[in-house]
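The values are calculated or read from the model by the stated rules, or taken from the named source; none is laboratory data. All figures in this text were calculated on a predicted structure; none of them were measured in a lab. All Cβ positions, glycine included, derive from the backbone under ideal geometry; neighbour counts span all protein chains shown.
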Amino acid sequence: MTPIVAIVGRPNTGKSTLFNRLTRSRQALVDDLPGVTRDRLYGTVVWDQRRFNLIDTGGFDPPADQAFAAEVHAQIELALAEADLVLFLADGKAGLSPADQEVARRLRRVDKPVIYAVNKVDGAEKEDAAQEFQALGVERLHFVSAAHGYGIRDLMDDILDHLPPEEEPEALAEGDQPPAPPVRVALLGRPNVGKSSLLNALVGGSRVVVSDVPGTTRDAIDTPITREGREYVLIDTAGIRRQGRVDRGLEKAGVFRSLRAVERSHLVVAVIDADAGLADQDLRLVGQAITAQRALIIALNKWDLLARRPEAQKAMDDAVQRIAKIAPWAPVLKLSAKTGRGVDKLLPLVDQVYQEYGVRLGTSPLNQALEVLTERHHPPMVKGRRIKFYYATQVGVRPPRVVAFVNDPEAVHFSYRRYLLNGLREAMGLTKAPLVLEFRPRSGRRERGGRT
């Protein structure tokens, strides 16, 4: 199992900056406002061929939003419980504070290795000014600069020395296949539609802060889970409002990370508030997934609130047809994260969709289907010349990507492209995943399909 390291400390000590440096990413939000990080944020660190998971946590002090203080502290305690090693981070510029001493006292009660570091010390000459942190009474202090990289190598060497030894991978029996990589699932939606509640229902615990206040989730939060031997990474994203309503700064950065989460996912679960109805912004978010060519599931959350309102159910069913026009392959699941109804159907549906998303199509059936479709509805004449299709081949997966070779690709009208696309999807049994169809001119010799 991959070791876990949790970064803790009071607010605004640079935990998120250090997280970003060690994970070589810009995954965590960084801002001068204390208390930016509310949830636990997971990332992967690879250093000297060792790999471990890193958790960024909220500050131990009450954050700027007092209403979230208890939730943030609960998230920190959960991170400490999960971690194999704790990394304490203090602010060398601000100096030693009673809050630092309180955090250190708490960590002495943690029955696992703790490494102490003082951040914002970007040179040997500044270490003398930070010697007051020796009052913490710890055996070793690291002086580092997360922003500039000073002292990071020594810190990382110390971390690796205290990690549990690597487990030898079990040898595969002859004929066995290596385990499949995790399916990355992004939960996308407007604020307050229940994305975090859905994630908690799937995980079976309080993984992220849940509140009625829109915008509670600011980062894209990764949660690895395993169900019946299958691994998933669930990505809870910040709620995305209409562009004109997005605040500058933190919320805008959270929106950017949500869209980035779509790019690094295999599959998007678009969470829609069934009680509030379908909004134009819901369609825009669905469009983001379609543009990124990701597999898609439409989750109508809070369906329990429509239980005794048949007219509202019908209105929502009718509204979802707007999505069916642009993504007819996307399955719709009605559920309630609060009551649990339908939640147990989501991951099995993810498996079905993901299987189609990565399917490899037989060349012979593919060309037979293309021949049937072009015979059923002949290609149109363009400038006195009929468009001729030669053959088709699959060139990629996730999503399945098919290239059809034709004498004049530019002459294939949009309506005929759509006819062939829908017909091939139906013929090849792709009922729950997108299919990408491209047209190319035939060269002097027959092209071969490749992989992406």
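Count, please, the residues in region 17-61 that happen to be modelled with pLDDT of 50 or more and not in a strand (DSSP E or B).
Narrowing region 17-61 to residues modelled with pLDDT of 50 or more: 17-27, 41-61.
Add one more test, that the residue is not in a strand (DSSP E or B), and what stays is 17-27, 48-49, 57-61.
Counting residues in region 17-61 that are modelled with pLDDT of 50 or more and not in a strand (DSSP E or B) gives 18.
Tell me which residues, restricted to region 153-173, are at pLDDT 60 or above and either among the aromatic types (Phe, Trp, Tyr) or outside any helix (DSSP H, G or I) (or both). It would help to see each step written out before you state the result.
Residues of region 153-173 at pLDDT 60 or above: 153-167.
Answer for region 153-173, where residues must be at pLDDT 60 or above and either among the aromatic types (Phe, Trp, Tyr) or outside any helix (DSSP H, G or I) (or both): Leu163, Pro164, Pro165, Glu166, Glu167.
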If I go through region 355-400 residue by residue, how many of them are part of a helix (DSSP H, G or I) and surrounded by fewer than 18 Cβ atoms within 10 Å (Cβ to Cβ)? 10
By residue number, the members of region 328-354 that are in contact (Cβ under 8 Å) with a residue 60 or more places away in the chain and in a loop (DSSP other than H, G, I, E, B) are Pro328, Trp329, Ala330, Pro331, Leu335, Ala337, Lys338, Gly340
Unmet criterion (only one of (1) exposed (fewer than 12 other Cβ atoms within 10 Å of the Cβ); (2) assigned to a helix (DSSP H, G or I)) for Arg308: (2)
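How many residues are within 20 Å of Pro399 (Cα to Cα) and part of a helix (DSSP H, G or I) if we restrict to region 266-284? Steps first, answer last, please.
Our first condition is that a residue be within 20 Å of Pro399 (Cα to Cα); within region 266-284, this holds for 266-270.
Filter once more, keeping what is part of a helix (DSSP H, G or I): none.
Result for region 266-284: 0.
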Within region 95-119, can you find the residues that are touching a residue at least 40 places away in the same chain (Cβ under 8 Å) and in a loop (DSSP other than H, G, I, E, B)? Leu96, Ser97, Pro113
Run Gly149 past the list (1) surrounded by 11 or more Cβ atoms within 10 Å (Cβ to Cβ); (2) assigned to a helix (DSSP H, G or I); (3) at pLDDT 85 or above and report the number of the one that doesn't hold. (2)
Just to be sure I understand the filter: pairs with C-beta atoms under 6 Å, separated by 6 or more residues or on different chains, first member in region 303-317 and touching a residue at least 40 places away in the same chain (Cβ under 8 Å), second member surrounded by fewer than 16 Cβ atoms within 10 Å (Cβ to Cβ) and among the aromatic types (Phe, Trp, Tyr). Which pairs pass? none
